[in-house]
Amino acid sequence: MRRGGAIAYWFMAPAIAVLGFVFGYPLVAVVLESLSVPGLFGVTHTGFGNFSVLFRDPLFWASLENNLRLFLVIPFMTVVGLLMATLLYERTKGWRIYRSLTFVPYILAVPVVGVVFSYILEKDGALNQVLSSLGLGFLQHDWLGNPSLAIWSVALVIAWQQTGLAIVLFLARMVGIDESLYEAAMIDGASGFRRFRHITLPQLARVIEFFVAISCINMLSWVFSYVFVMTGGGPVQKTYVMELYIYQNAFSNGLMNLASATSVVMLVVATLLLSFQAVLRRRVDRIAV
């Protein structure tokens, strides 16, 4: 048995080596670049000077704060996904069509979504025109031009597109729940809410934990396209996020060392999130058992 296991590892070795090079080399290169501090006359020093500059930059903290603000839409997506999945699970009339429609936004290209919503949410866009025609002109705003509203407008667009994934994940798990559990609960006189609280939610615990963890990673390192297309970081840099900060430093300002340092900070934050996910998973496992 041990010999067979050793042979299996030998067969896996080429794939492991390729993956190690593809993922390991860029990681090591970014870390080394982040520790390289350009000096006078082409001399390069090694140290934490890039991080010192980074942590003194107000735009870096503003970018990180905006990423954290985007985290606030994750509970909204989770709750809406649960409600929609529950309604679809009840198989109301036309549920197959609704199931397809709820997933359509998720498969659309992010730049396309960003361009369409940038026209909808602009000052003279479709949303404000509809509000005006309904006599709700007092609700009109420059949704992407107002510094206090722009990041929340982007967040709602992200939620609109990403909620479809939550619905599909939750619904797929609901379909696999043993219906005899619901039948027994109904015989005992349990209400719909109690069935949802004591049967559906525990069965969905692992899927909810997975969706929340993936969404946290996405809000940290996968929102560049939305911001770049819809606002470009404006107005007055109020929608800057970490990815855009890295992009501008690396390709517009030519500060590759500073961009690498920012990437390392993002890696540390993502690692902390994954560690939190591991702790959360252990607690979820106790609930789901």
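The values are calculated or read from the model by the stated rules, or taken from the named source; none is laboratory data. It should be emphasised that the depicted structure is a prediction, and the values quoted were computed from it without experimental measurement. We place every Cβ from the backbone using ideal geometry, glycine too, and count neighbours over all the protein chains shown. The accessibility values were calculated without ligands, DNA or RNA, using every heavy atom of the protein model including side chains. Shrake-Rupley method; radii C 1.70, N 1.55, O 1.52, S 1.80 Å.
Computed over the chain, the percent of Cα pairs more than 26 Å apart is 60. Summing Cβ point charges (Lys, Arg +1; Asp, Glu -1) relative to the Cα centre of the chain gives a dipole of roughly 820 debye. What net charge do the residues around N128 carry, taking every other residue with its C-beta under 15 Å from that of N128, with Lys and Arg at +1 and Asp and Glu at -1? Taking every Cβ under 15 Å from that of N128, the sum is -2. When the alpha-carbon atoms of the range 21-155 are used, the pair Rg, Dmax equals 22.9, 73 angstrom.
Could you please report the charge total around A185, scoring K, R as +1 and D, E as -1 over all other residues with beta-carbon less than 14 angstrom from its beta-carbon? Can you show the working numbers first?
Values: positive: R194, R195, R197; negative: D178, E179, E183, D188.
My count for the surroundings of A185 gives -1.
Grab the Cα-Cα distance for W222 and L101, subtract it from 0.36 nm times how many residues apart they are, and report the gain in nm with one decimal. The partial results should precede the final answer.
On the way: separation 121, 0.36 × 121 = 43.56 nm, distance 2.34 nm.
Working it through step by step, the gained length comes to 41.2 nm.
All distinct Cα pairs of the range 143-204 go into the 1/r average, and the inverse of that average, the Kirkwood radius, is 14.3 Å. Protein heavy-atom surface of the chain, 1.4 angstrom probe: 69% of the accessible area is carbon and sulfur, with nucleic acids and ligands not counted.
Can you give the calculated 222 nm mean residue ellipticity of the chain, where each DSSP H run of n ≥ 4 adds -39,500 (n - 2.57) and the sum is split over every residue, rounded to the nearest 500 deg cm²/dmol? Let's see the in-between values first.
Details: 14 runs with 209 residues, N = 289.
Rounded to the nearest 500, the figure is -23500 deg cm²/dmol.
Listed values for the range 99-107 are Karplus-derived 3J(HN,Hα) couplings in whole Hz (6.51 cos²θ - 1.76 cosθ + 1.60, θ = phi - 60°), namely 4, 5, 5, 5, 8, 4, x, 5, 8, and x replaces Gly and Pro. What separates the Cα centres of the range 183-249 and the range 17-66 is a distance of 29 Å.
Note on the range 230-289: Kirkwood hydrodynamic radius from all Cα pairs is 13.8 Å, rounded to one decimal. The alpha carbons of the range 88-156 give a radius of gyration and a Dmax of 15.6, 43 Å, in that order. Relative contact order of the chain, taken over Cα pairs closer than 8 Å and 6 or more residues apart, is 27 percent. Amide hydrogen proximity for V37: with H placed 1.01 Å from N in the peptide plane, the residues at 5 or more positions away or on another chain lying under 5 Å are H45, T46, G47.
A probe of 1.4 angstrom, applied to the heavy atoms of all protein chains, finds S148 with accessible area near 80 square angstrom. The relative contact order of the range 62-143 comes to 14 percent, based on Cα pairs under 8 Å that sit 6 or more residues apart.
Rounded to two decimals, what is Rg over Rh for the range 188-289 when you use alpha-carbon atoms and the Kirkwood radius?
On the way: Rg = 19.7 Å, Rh = 16.4 Å.
Ratio of gyration radius to Kirkwood radius for the range 188-289: 1.20.
Other residues whose C-beta falls under 14 angstrom from the C-beta of L144 contribute a net charge of -1, scoring Lys and Arg +1 and Asp and Glu -1.
Which whole-number percentage describes the relative contact order of the range 233-279, with Cα contacts under 8 Å and a sequence gap of 6 or more?
Values: 22 pairs, mean separation 11.0, N = 47.
Relative contact order here is 23 percent.
Classify the range 166-231 as rounded, prolate or oblate, taking a ≥ b ≥ c as the square roots of the eigenvalues of its Cα gyration tensor: rounded when a/c is under 1.5, otherwise prolate if a/b is larger than b/c and oblate if not. Show your work: numbers first, answer last.
Values: a/c = 3.76, a/b = 3.43, b/c = 1.10.
Verdict is prolate for the range 166-231.
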